[in-house]
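First comes the structure, then the notes that go with it.
The values are calculated or read from the model by the stated rules, or taken from the named source; none is laboratory data. Predicted, not measured: the structure shown is a model, and the values here were computed from it. Cβ placement follows ideal geometry from the backbone for every residue including glycine, while neighbour counts extend to all protein chains displayed. Keep in mind that these areas ignore ligands, DNA and RNA; they rest on the heavy atoms of the full protein, side chains included. Shrake-Rupley method; radii C 1.70, N 1.55, O 1.52, S 1.80 Å.
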Amino acid sequence: MTLEVADQIALGDLVARYALHADRREIDAMAALFTGDAALVLPDAPADLDPVRTFTGRAEITATLSVLNDIPETFHALAGQVFDAGPEPGTATGEIACVAHHLTSREDGTVSDLVWHCRYTDTYRLDGRTWRIARREQRIDSIETRPVRRWRGE
């Protein structure tokens, strides 16, 4: 079973909107991209880079994504995406590569960029005629910290 081109485009839009909503702090809009019974499985960085913490349902997902509100600026750059048909009709899977930048001010007045090179392993499900995320697991491949010379938030 293969995915139609229209489905691949819709799934690409779905994951791009997730990143955009994160950067705009539109937490409710991010959570609305998930099915009602979805699971979001995240690492416990920096101690654990594999997905170990599970949040189920939109309420839990909304609560955990709200931590983005504590970060002054983020930029999620999608580096690659591949979608395949799922095992059942109306399902699909995806692998998304992302570089996530998190800008924060330090106590000494400098600004740093905490960079996560990560991958999302996704399962999608049609909800009516709309694709939604049914399960998203995030793995971090590496973490780096970079100095920032200047940013708009100054």
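A few comments on the model shown:
- Reduced Cα scattering model of region 13-88, Debye log10 I(q)/I(0), q = 0.11, 0.18 Å⁻¹: -0.31, -0.86
- Angle in degrees between helix 5-24 and the longest Cα principal axis of the chain, rounded to the nearest 10: 30
- Overall dimensions of region 1-131 by Cα: Rg and Dmax, Å: 15.6, 56
- Nearest-20 debye value, the chain charge dipole, Cβ charges on Lys, Arg, Asp, Glu: 300
- Charge dipole of region 48-119 about the Cα centre (unit charges at C-beta), most positive-ward option of L49, T93, G109: T93
- Across the accessible surface of the chain, with the other protein chains kept in place and a 1.4 Å probe, carbon and sulfur atoms take up 49 percent.
- Whether region 20-59 is rounded, prolate or oblate, judged on the alpha carbon gyration tensor where a/c under 1.5 counts as rounded: oblate
- Exposed-site-free run, longest, the chain (rule: trypsin sites (Lys or Arg not before Pro); DSSP loop; at most 10 other C-beta within 10 Å): 1-105
- Net dipole in debye of region 18-67 [+1 Lys, Arg Cβ; -1 Asp, Glu Cβ; about Cα centre; nearest 20]: 140
- Residue-normalised accessible area of the chain, expressed per residue, 1.4 Å probe, Å²: 56
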